[in-house]
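Accompanying notes for the structure given below.
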Amino acid sequence: MIIDRFEGDIAVVETDEGFRDIPRSQLPAEAEEGDVLASCDGCYVVDKEAAERRRSSAASRMKRLMNKGGL
C-alpha cells in the first residue's frame, strides 16, 4: 500500500485492488505521501526501506528519461 495523498483527516492509499481511504489517525504520525505502508496485527507501519527503494527507482527512471529525451 502506498500513501497517494492526504485529504484532511483521510489518507488516500493505493492498493493492488485500487484506492481506499484510511483515517489518518490509524497511521503513524511520521507517515508521508509516497510512503509504503504495511499492515501488522491491525495496525499500519511505514516500511521505510520499501519507500526508499521505490523513491530511488523512480528517481533513476526519471534520470534515464531526461537523458534520452535531451531534456
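Every number here is computed from the coordinates shown, using simple stated rules; none is lab data. These figures come from a predicted structure and were not determined experimentally. Neighbour counts run over all protein chains shown; Cβ positions are idealised from the backbone, glycine included.
Listed values, structure above:
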{"quantity": "Subset tally (residues that are hydroxyl-bearing (Ser, Thr, Tyr) and either touching a Phe, Trp or Tyr at 6+ places or on another chain (Cβ under 6 Å) or farther than 12 Å from Ile2 by Cα (or both)) for the stretch 19-71", "calculated": "4"}
{"quantity": "Subset tally (residues that are out of contact with any strand residue (DSSP E or B) (no Cβ under 7 Å at 6 or more places or on another chain) and over 22 Å from Ser57 (Cα atoms)) for the stretch 1-38", "calculated": "6"}
